[in-house]
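Input: a single structure, listed below in structure tokens.
Any read-out appearing in this document is the output of simple, stated calculations on the displayed coordinates, not a laboratory observation. Note that this is a predicted model, so its numbers are computed, not measured. Note: ideal-geometry Cβ built from the backbone for every residue, glycine included; neighbour counts use all protein chains shown.
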Amino acid sequence: MTFYPTFSKLDLAHRCAYPWTSFTKWPKLPSSVFATFGTAVSQAAECIAVFGDAPVDVIADQNGLADADRRRLGHAAFHLAVLLEEEAATDQWRKAEVALAYDQRQRTARELPRSHARDYSQRTPTELVGTPDLVRLTADGRLVVRDWKTGRYRVGAQPGEDAQVRALALAAARTYGADEVTVELAQVDEHGVHIVEGTLDVFDLDEVAAELALVVSSLDDVAVPVPGRWCSECYCPIVSCCPATAKAIEAVQGASELAHPLTVDLASVEHAAYVYDRLGAVEDAVKAIKEALKAFAEHTPIPLSNGKVYAKVEKTRKSIDLTPPGVLVLSKYGAADAIEQSVTRAGLKRSVKASAPKGKAAAIERELMAELDKLGCVRESSFVTFSEIAPKKENESE
């Protein structure tokens, strides 16, 4: 019996149903250091939300964090504690890491009993499941669903457009009887917590229900692989053993005679050594393809499957140079090379936001930048990059 996708895999399921209809056994994949740090942050956030504090050292030990990440976790936990303590003063209630199930047929939802994190053993075959990092009912009666994020994954994403967050909001709304849900993506790092929020009203929630119905209907028949950027971006669980991947590998292998196939199924020590020796050539080929794409996009934007285009983008960057006032004295004594202090624009923004009164950060930052500019501390430079951007409209000037 095929269970429906979890909410965390909906972005993938919208594009390719093959992982759930092919009956392919999902290989166990090792966790990256980035994913492990994210897990540690989520565990710290849950402890703080429930108990008011987190055993940072214990969590770091359990996840095998290196020294640098242990320090980052400690700083992140501090910022989480400040935020959650402030919110707790006014919240009517909040729940951390609660497993929710949404029944697509009945269009109802419920909390699932669980014995451990991400325990979905009590789900039924007609339920889609997921776990919001935090659900709150605020003093003014707003139902809030929050997802903690670390690293660069989904940086800049809008929570109201994220398939996982939208489904979590629907499940929470149906479980707790709300017609409107505030959805949040909270980016957590050692510098603080940055929250981007949106709102899903009753019409939006009905739209999410319809989207889930479409996903479920796509699982009725055995699907074929639909390869694309989502294979890597959405972390397809069978990308290493998918027939589409195998076809790509076969194409590489067909270019020359190989003693062993370039595959994830390593049959021997000799096979593993052979693949390792040739992996660098494959990676270099990928780099060359990326450079070719940049050269092409230099003069012709490339339409992408997500509605954007991959194109050349000219940007300007403002940097802050703190050396002018003191560099003259240091230069006089031949010690200018000793200057090591630096300030990034992002770091300045975080610092101001952390210390400024609520609602005043933007104005203070503008005033600070203006004063630094007068002192000659602001440097502006131009650079070229290649990225995904919205396509220009026909009447839009170049």
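Relative contact order, whole percent, for segment 1-150 stands at 25, derived from Cα pairs under 8 Å and 6 or more residues apart. Cβ-Cβ distance of Ala213 and Phe3, R₀ of 22 Å, FRET efficiency by 1/(1 + (r/R0)^6): the value works out to about 0.85. A simple rule links phi to the HN-Hα coupling: the Karplus curve 6.51 cos²θ - 1.76 cosθ + 1.60 with θ = phi - 60°, which for segment 101-110 gives 10, 10, 8, 5, 6, 7, 6, 10, 9, 7 Hz, with x for Gly and Pro. Close amide H partners of Thr199, meaning residues 5 or more places away or on another chain with modelled amide H under 5 Å apart, are Val183. Of the residues Val282, Val202, Val144, the one that moves most in a GNM of the chain with alpha-carbon contacts below 10 Å is Val282. Taking the charge dipole of the chain about its Cα centre, with +1 at Lys and Arg Cβ atoms and -1 at Asp and Glu Cβ atoms, the residue from Val33, Gln43, Phe203 reaching farthest to the positive side is Val33. The local environment of Ala139, defined by Cβ-Cβ distances under 11 Å, has a net charge of -1 under the rule Lys, Arg +1 and Asp, Glu -1.
Report the calculated FRET efficiency for Ala362 and Arg71 (r = Cβ-Cβ distance, R0 = 41 Å), to the nearest 0.05. Using R0 = 41 Å, I get an efficiency of 0.85. The GNM of the chain, with springs linking C-alpha atoms under 10 angstrom apart, assigns the highest mean-square fluctuation among Pro30, Pro125, Pro261 to Pro30.
If the elastic network links every pair of Cα atoms under 10 Å, which of Ile59, Ile195, Ile364 fluctuates the most in the Gaussian network model of the chain? Most flexible of the set in this elastic network: Ile364. Relative contact order of the chain: 14 percent, from C-alpha pairs under 8 Å at least 6 residues apart in sequence. Counted by Cβ distance under 9 Å from Asp201, the other residues give a net charge of -3, where Lys and Arg count +1 and Asp and Glu count -1. Between Asp91 and Val264, the FRET efficiency estimated from the beta carbon spacing at R0 = 56 angstrom works out to 0.75.
With the cut-off at 1.5 for a/c, could you classify the chain from its C-alpha gyration tensor as rounded, prolate or oblate? Cα axes put the chain in the oblate bin.
Only helices reaching 18 angstrom along their own axis (Cα) with mean Kyte-Doolittle hydropathy no lower than -0.5 count here, and for the DSSP H runs of the chain these are 33-51, 67-88, 163-176, 202-217, 269-297, 361-374.
Exposure proxy ranking for Lys28, Lys294, based on other Cβ atoms within 10 angstrom of each Cβ and starting from the fewest, stands as Lys28, Lys294. Report the residues of segment 181-212 in range of a label on Arg107: point 7 Å along Cα→C-beta, backbone N strictly under 18 Å from it. The answer is 181, 200-212, whose backbone nitrogens lie closer than 18 Å to the label point. Here the relative contact order of segment 91-163, from alpha carbon pairs under 8 Å that lie six or more residues apart, stands at 31 percent. Counting every other Cβ atom within 10 Å of each residue's Cβ, Val58, Val165 order from fewest to most as Val58, Val165.
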